[in-house]
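The values are calculated or read from the model by the stated rules, or taken from the named source; none is laboratory data. Here the structure is a predicted model, which is why all the values come from computation and not from measurement. Using ideal geometry, Cβ is built from the backbone for each residue, glycine included, and neighbour counts are taken over all protein chains shown. Protein only, heavy atoms only, side chains kept; ligands, DNA and RNA dropped before computing areas. Shrake-Rupley method; radii C 1.70, N 1.55, O 1.52, S 1.80 Å.
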Amino acid sequence: MDDILLLEAIERYLSGDMSSSERAYFENLRKTTPEIDQMVVEHSMFLHQMDIYSVHRNLRQTLQSTHAHLLETGVVNEGGELTTKGKVIQLWKKYKRVTAIAASVGGLIALAITALTLYFSPLNNDQIEQLSRSIAVINGKLKAKETKIPAGAVPVSGGSGFLIDTKGYLVTNAHVLKGSGVIVVSGKGQEYKTTIMNIDPEKDLAILRIDDQDYQPLKALPYSIRKLNSEMGERVFTMGYPRNDIVYGEGYLSSRSGYDHDSLSYQLQLPVNPGNSGGPVFNNNGEVIGVLSTRQAQAQGVAFAVKSKNIYQLVDELKEKDTSIQKIRLPSRTTLKGLDRTQQTARLEDCVFYVKSFN
Amino acid sequence: MKADTTEQALLKGLANNDSRAIETIYRDNFTMVQSFILQNSGSYDDARDIFQEAMIALYEKAQSQSFVLTCQIKTYVYSICRRLWLKRLQQLGRYTNHVDSLEETVQVEEDLEMHEKRNAEFAIMDRALGSLGEPCKSLLEGYYLKKMGMQELAAEFGYTNADNAKNQKYKCLMRLKKLFFSQYNIGD
């Protein structure tokens, strides 16, 4: 018998569509042919499965739409507007004592670690060299044109810096600022008088502010500053002033820690020169992931950059120190994603400055 | 404690797929389950999944002939959700002893075993239908799930007559059965 005909017969038999004579014939067939009997049982079970499946599917749909309906009418809440204030207060009451103990233990440990770090940390050594420029190099061209460096002042060091706020706040390395006064120079050669706002030799970072009538704030910064750590293998590039003109360089992130396991910085494979210090390190998306600071003396192309999250700490410190400047807002969105590298550098050029320090 | 009459009516409604009954049960129990899951490192989505899973288990229980619910719906739903969530946490390797167990719970292991079997069957059928391809899938869904007539299906799918559609349906059905039984072991 043809399979399809047989299947049809079984289905009609199971749904009770057969006439009595037909039914008797089929039942007889079932008795005499075990294969057909087996098929009937199997098919009956299969149809039952289909029924259950159908019902379950409908139920699932009903449940989903009920959920959506209740969500809409506000009976069910999935976060969003619910206030958690009550809960926070409850938790605080419950864990007040534990928190206090934890805090004091934490404080003691912090003090102990600070003491240990101070004791053991490697002081300046010749394994790495800072990337600031020395006076001799800078001197050459400076005298040629009119400068905002006060007459009689001697330039002592230089490097790079970049904007972190359009109002004229910049970040550079602390070691770039060896002198007492600072000016910054844009890529077009325009000089601006600058004040040191906050300097942290431990992290090797400093915040400067342009205080100059000639300065015209940019509308917005194209890059953001990354709060999280970056991963090994990430492609990076930098822009800085190892010469009096801006210079581009690219490479990759080679280690999550810096020289001698320094967890504040990254190791990069990136060709850099004195003068790159304080320059931003960007990833492909145009996020600042670090600030170039040092390079290894014996190894080719090995550079170190202070992790970008330290910038946030420095800014917070500054806000605490000087309550009048609450308005620094670090850029949180990059508009460089997906652009060609040349388009990226064109937009970044105006945000990177040449930093000169003098006495 | 025997479930009272309102609860009996609700369960009956659930067994008959009455959307009002479903909504009432949902409304009365969801928030409790949600806060339990959120407190035990779950998300809003987890809460919804687990709760709906429990609703299906409750439905299966309400449907079965030997159905007796010896506790409140609330307790039953909570117990199922608790069990399901602990299991999920364990699978994720985040088992915690801190799941608070102050609420009243009942033994639901047997029901859950049954429910898991049903779920597995559901998944097999779902996969089988999914890998069937069109127009077989829609044809069979139309006939067996939506209970449409052969005439109607022939018109919708553009067969010249009901017999051709029927022929096609049986061919599809044979393929579906093959797919289904290749994963579903009758011996079990």
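Considering only residues that are in contact with a helix residue (DSSP H, G or I) (Cβ under 8 Å, 6 or more places away or on another chain) and under 19 Å from B:Lys147 (Cα atoms), look in segment A:29-50 and name the one that is farthest from the other protein chains (Cβ to nearest Cβ). Restricting to residues being in contact with a helix residue (DSSP H, G or I) (Cβ under 8 Å, 6 or more places away or on another chain) and under 19 Å from B:Lys147 (Cα atoms), the top hit is A:Ser44. Checking A:Val40, A:Val76 one by one, the residue that is open to solvent by less than 60 Å² (accessible area, probe 1.4 Å) and not in a helix (DSSP H, G or I) is A:Val76 and no other.
Look through B:Gln8, B:Gln39 and report the one residue that is polar (S, T, N, Q) and closer than 16 Å to B:Cys81 by Cβ. B:Gln39 is the lone residue from the list that is polar (S, T, N, Q) and closer than 16 Å to B:Cys81 by Cβ. Go through segment A:197-230 and give me each residue that's over 16 Å from A:Leu163 (Cα atoms) and crowded, with 18+ Cβ neighbours inside 10 Å. Matches in segment A:197-230: A:Lys203, A:Asp204, A:Ser230. Figure legend. Inter-residue proximity from segment A:1-28: first residues within 13 Å of chain B (Cβ to nearest Cβ) and loosely packed, with under 13 Cβ neighbours inside 10 Å, second residues in a helix (DSSP H, G or I) and not polar (S, T, N, Q), beta-carbon distance below 8 Å, spacing 6+ or different chains. Indicated pairs: A:Asp3/B:Met174. Considered as a group, the residues in segment A:318-359 that are more than 19 Å from A:Leu221 (Cα to Cα) and free of Cβ contacts under 8 Å to residues at least 12 places away in the same chain include one that is most open to solvent (accessible area, probe 1.4 Å), and that residue is A:Glu320.
Among the residues of segment A:288-295, are any within 21 Å of A:Gln343 (Cβ to Cβ) and crowded, with 17+ Cβ neighbours inside 10 Å? Yes, the conditions are met somewhere in segment A:288-295. The strands (runs of 3 or more DSSP E) falling completely within segment A:181-297 that include 1 or more residues that are under 26 Å from A:Ala151 (Cα atoms) map to A:181-185, A:191-200, A:205-210. Of the residues making up segment B:115-166, those that are open to solvent by less than 70 Å² (accessible area, probe 1.4 Å) and over 25 Å from the mean Cα position of the chain (by Cα) number 12. The set of residues in segment A:165-222 that are of a type in the set (A, V, I, L, M, F, W, C) and under 25 Å from the mean Cα position of the chain (by Cα) comprises A:Leu170, A:Val171, A:Ala174, A:Ile199, A:Leu205, A:Ala206, A:Ile207, A:Leu208, A:Leu218, A:Ala220, A:Leu221.
Checking every residue in segment A:299-307 against the condition of being exposed (fewer than 14 other Cβ atoms within 10 Å of the Cβ) and either out of contact with any strand residue (DSSP E or B) (no Cβ under 6 Å at 6 or more places or on another chain) or part of a helix (DSSP H, G or I) (or both) gives at least one match. Residue-level check: of (1) within 14 Å of B:Ile22 (Cβ to Cβ); (2) among the hydrophobic types (A, V, I, L, M, F, W, C); (3) open to solvent by 50 Å² or more (accessible area, probe 1.4 Å), A:Val55 misses just (3).
Do the conditions hold for A:Ser230, that is, is it without any contact (Cβ under 8 Å) to a residue 40 or more places away in the chain and hydroxyl-bearing (Ser, Thr, Tyr)?
Numbers: without any contact (Cβ under 8 Å) to a residue 40 or more places away in the chain: no; hydroxyl-bearing (Ser, Thr, Tyr): yes.
The answer is no for A:Ser230.
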